[in-house]
1. I need to check one value: relative contact order of the range 1-50, counting alpha carbon pairs closer than 8 Å and at least 6 residues apart, in percent.
2. Let me spell out the model: positive unit charges on the Cβ of Lys and Arg, negative unit charges on the Cβ of Asp and Glu, origin at the Cα centre of the chain. What dipole size does that give, in debye rounded to 20?
3. Keeping all protein chains in position, work out how much accessible area Tyr28 exposes to a 1.4 Å probe, and write it in Å² to the nearest 10.
4. If you work out percent of Cα pairs over 18 Å apart from the coordinates, which of (1) 49; (2) 43; (3) 54 do you get?
5. Please list, in order along the range 62-78, the HN-Hα scalar couplings obtained from phi with the Karplus expression 6.51 cos²θ - 1.76 cosθ + 1.60 (θ = phi - 60°), rounded to whole Hz, x for Gly and Pro.
6. Once phi is turned into θ = phi - 60°, what whole-Hz ³J(HN,Hα) does the Karplus curve with 6.51, -1.76 and 1.60 give for every residue of the range 16-22, x standing for Gly and Pro?
7. Cα to Cα, under 19 Å, and not fewer than 8 places away if on the same chain: which aspartates and glutamates meet these conditions relative to Lys76?
8. Among Thr1, Thr50, what's the order by accessible area (1.4 angstrom probe), most exposed first?
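The values are calculated or read from the model by the stated rules, or taken from the named source; none is laboratory data. Please read these numbers as outputs of a predicted model, since none were measured by experiment. Reconstructed Cβ throughout: ideal geometry from the backbone, glycine too, with neighbour counts over all protein chains shown. Each accessible area value is taken on the protein alone, full model and side chains, heavy atoms only, with ligands, DNA and RNA left out. Shrake-Rupley method; radii C 1.70, N 1.55, O 1.52, S 1.80 Å.
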Amino acid sequence: TADEAVAVKELISPNKKIILVTSAYHMYRAKRLFEGEGFIVIPYKVDYKTISNRKITILELIPSSNYLALTEVCIKEILGIVFYSIVDKF
C-alpha cells in the first residue's frame, strides 16, 4: 500500500483530492498512507467482511475455516498498522 501511494504521487501531484477505493478493513491504513504522501483523501469503502442484521445462532460457536481466514486478514492488517507506525510512515 505504501508503494501504491508513492506510485500515485508520481502520476499526479500531491495536495490533490482523490477518492480512495479499497476494502473497508484496509481503509484506515491506506488512507493514512495516502495522506502521508500529501493527498486529500475521500474514502470509499467496499468489500465489507461483515454482514449486518444477521441473527446469531448456536452454530456460530462451531469453529469455521471462513472465520479463521477473516481472523488472518485482521491480524495482517493490525501488523501492517503497527509496522507503519514503527517506521514512521503515518
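1. Taking the mean separation of contacting Cα pairs over the length of the range 1-50, I get 45 percent.
2. Computed about the Cα centre, the dipole is about 340 debye.
3. That residue has around 120 Å² of solvent-accessible surface.
4. It is the one labelled (3).
5. 7, x, 9, 5, 4, 5, 5, 5, 5, 5, 4, 4, 4, 5, 4, 5, 4
6. So the Karplus estimates, Gly and Pro as x, are 9, 8, 10, 9, 9, 9, 7 Hz.
7. Once the sequence-local aspartates and glutamates are set aside, what remains near Lys76 is Asp3, Glu4, Asp47, Asp88.
8. Values: Thr1 40, Thr50 110 Å².
So the residues, ranked largest to smallest area, are Thr50, Thr1.
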